[in-house]
1. Answer yes or no as to whether Asp401 is over 26 Å from Thr528 (Cβ atoms) and acidic (Asp, Glu).
2. Return a yes/no flag: does the range 569-583 have any residue that is within 25 Å of Val502 (Cα to Cα) and assigned to a loop (DSSP other than H, G, I, E, B).
3. For residues that are in contact (Cβ under 8 Å) with a residue 12 or more places away in the chain, within 16 Å of Met254 (Cβ to Cβ) and not β-branched (Val, Ile, Thr), scanning just the range 115-128, find the one that is surrounded by the fewest Cβ atoms within 10 Å (Cβ to Cβ).
4. Is it the case that the range 427-435 has a residue that's crowded, with 19+ Cβ neighbours inside 10 Å and in contact (Cβ under 8 Å) with a residue 24 or more places away in the chain?
5. Could you please give the count of residues in the range 37-75 that are within 12 Å of Ile16 (Cβ to Cβ) and open to solvent by 50 Å² or more (accessible area, probe 1.4 Å)?
6. Need pairs with beta-carbon distance below 6 Å; first residue of a type in the set (Asp, Glu) and within the range 205-229, second part of a helix (DSSP H, G or I) and open to solvent by 20 Å² or more (accessible area, probe 1.4 Å); sequence gap 6+ or separate chains.
7. Please work out which residue is nearest to Gly420 (Cα to Cα), limiting yourself to the range 350-360 and to residues that are open to solvent by 10 Å² or more (accessible area, probe 1.4 Å) and assigned to a helix (DSSP H, G or I).
8. Give just the number: which of (1) hydroxyl-bearing (Ser, Thr, Tyr); (2) within 29 Å of Leu472 (Cβ to Cβ); (3) open to solvent by less than 70 Å² (accessible area, probe 1.4 Å) does Thr20 not satisfy?
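The values are calculated or read from the model by the stated rules, or taken from the named source; none is laboratory data. The structure displayed is predicted, hence computed values, not measured ones. Every residue, glycine among them, receives a Cβ derived from its backbone with ideal geometry; neighbour counts consider all protein chains shown. Keep in mind that these areas ignore ligands, DNA and RNA; they rest on the heavy atoms of the full protein, side chains included. Shrake-Rupley method; radii C 1.70, N 1.55, O 1.52, S 1.80 Å.
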Amino acid sequence: MADSSDQVMLRDRFEIKPGTRLPQFDQGSSLAYAAEDHSHTGRKLFALICPGTVPCRGLNIPERKNPIPMLWPEAGGVVDWPVAAPGGEAVWGRRPAVVYPQPTGARMVNDDAAPLPRLNEQTIVRSIIKPAMVLLRELGHLNIAHRAIRPSNIFYAAGSSGEIVFGECFAGTPGSDQPAIYETIENGMANRMGRAAGSQADDLYALGVMLLLLHMGNALQGKSEEAVVAAKINFGTFSALAGGEKVSPTMAEMLRGLLSDKLSDRWTLRNLEMWMLGQYFNPVLPSLPQRAARPFRIGGAEPMSRPAVAHAMAIHWDEALTAVDNGTLESWLKRGFNDEKVAESLHQIRGLAMSYGPSAGAKHRMVSRLIQFMGVSLPISYKSIQVNVSALGTMLASIIDEPTLRTEFVEMLRGRLPQGWVDHQPKLTSELASIRRTLDGIEKVIERPGPGYSVERVLYELDGGMPCRSELIGDYYVTSLKDLLPAIDAALPGAEAGTMPVDRHIAAFAAAKIARPIERELAQLANTADPIGYRMGILRLLAAVQRQQPNNDLPRLAEAMLELLKPVVESFHKIQTRSELRNKLEQLAAHSDFAQMADLLDDEGTYRRVDVESFEQAQQTYAALEQESQWLENGGLTSPERIQASARVSAAITAAFLASGVLAAFTVAMVF
């Protein structure tokens, strides 16, 4: 049982206090606790304890000596932490932790729904844009996007006004805590855990939204996130948020540049720096999609453009199915844009929808591919899922324990919808090419149902930093192969009796990271009907991990394996061999040497080969003796045929002896 009063240390320097919550510093699903620096007592710190189900960016952030206008981590790492067990007492597990200095000023606003202060142009430039440029420049050197720029994540340097300090960004999944209004159309439409990690361009867009709202107010206040995204698609972000309110030419120039929905037209940090120096830029005009001659009715709305209809279809999936099935959408595409050639594209889309995945889901795949066709940059949409292609891993991590959504995700992959999204992009970047290779590799494992494959394997192939979600070690935040065996060793004492040290998630996690193929081990794990082979599969998998990441201090796991391997030892036929194997296994288990244990019991090893050959020889000898016994029992020695044959032989022998005696007597008589 975990005790919240126990000491939790990070890097032998920072003490985190599980019993002292600081909810005012919570960041989404990352919860804040009081922390203390044992090297510098008196400093006010807090630690964010991050979720154990997704990668945490805060574990490898370099320390900074020069201050920047942002809460920067003092340290990050994985710590022992009391984890709440469902329906029971908390137990010790491990969680990512990031320690920060407490801000000295108040938050700009306490939550995202709170009214924002109105700032004039001079205050915007001096207090917001200048520190933002310093921040983005420094993050750019590290190739990191902030992805959490919004008023509720900004603190004043002192008091409740004046200079600002941007809040932290490393504890949560990038973009997952952002309201849709601060996200680009592509990310705002996606599920929160399906948003791309993004780049500086996304931060500049969020900065532009924040500047506009602080300067002009929010024309979309009170609108749903779906309505906000729809407004951006229909009118462009700047026009949708400004709502027709007048703004100075210089501010309009800057805001239009930062809020361009077309990435190639969006201002870079260099553009913003030059604007600050007084350089004039040609105004960035909104890049609005072509409007149809008539609206398309869906979900109570009447969108006029292809991207707007695609967005509405993703939200109102059942209506979209009907529109595709009855030909309404095809008719709108032809007549609304006077485009008869669209029939060729629709025919190709229909063929792709039928070609990949089970026939029962063809209509759903058709809708998904039509959304891709009409909104090239929009996220992949399939039933309840909207996800950017680079965020497939975090999206799957967020739904893998929800059967319905997990099934939808697997259907999406089997239908090759992510590959279809990549194929629709106007330019195949190196990032997209890498994603495409990963997706093609996933096809080889998604259809295989056994341990080490299927959706569990997909999770770890999509994101190499994903923590293992095994029920046995899920609370230990294992993200690397070197931590796998120690986590199993630590978890076994608290597991229920009979718990196997390898489950589907552990097998998949190991298979995704072990350098050599392990098909034999996975095949043995899948064949539970063969208890001996199944146990050997567990041992061989652990041995494969140990060979790649040597660790011989695993006493509890070694003890569990000794118990697990008893039936394997008993499967040897010779009593002396079994006794010898038990002794050798105990010696190897004392050093947690699973590799040699596996070699000792291997089907092709010396012990097994000699045992099999000796047993086969014994079987042959036994069979011969059994056959002779049966022959005797069946009267083989007393049968008439055998007696007659024996009599004939005896008579012949007797006659031969008599003849020899007569001949000898005759010879003697002749001599005398």
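1. So Asp401 fails the test.
2. Checked against the condition, which is being within 25 Å of Val502 (Cα to Cα) and assigned to a loop (DSSP other than H, G, I, E, B), the range 569-583 yields at least one hit.
3. Applying the first criterion (in contact (Cβ under 8 Å) with a residue 12 or more places away in the chain) to the range 115-128 yields 116-121, 124-125, 127-128.
In the following step, the residues that additionally are within 16 Å of Met254 (Cβ to Cβ) were identified as 119-121, 124-125, 127-128.
When the remaining residues are screened for being not β-branched (Val, Ile, Thr), the result is 119-121, 127.
On the way: Leu119: 17, Asn120: 10, Glu121: 14, Ser127: 18.
Applying the filter and picking the extreme gives Asn120.
4. Let us first name the residues in the range 427-435 that are crowded, with 19+ Cβ neighbours inside 10 Å, namely 435.
Now narrow it down to the ones that are in contact (Cβ under 8 Å) with a residue 24 or more places away in the chain: 435.
Within the range 427-435 (the criterion being crowded, with 19+ Cβ neighbours inside 10 Å and in contact (Cβ under 8 Å) with a residue 24 or more places away in the chain), the answer is yes, since at least one residue qualifies.
5. Total meeting the criteria: 1.
6. Glu226/Ile315
7. Checking each candidate, the answer is Leu352.
8. Failing condition for Thr20: (2).
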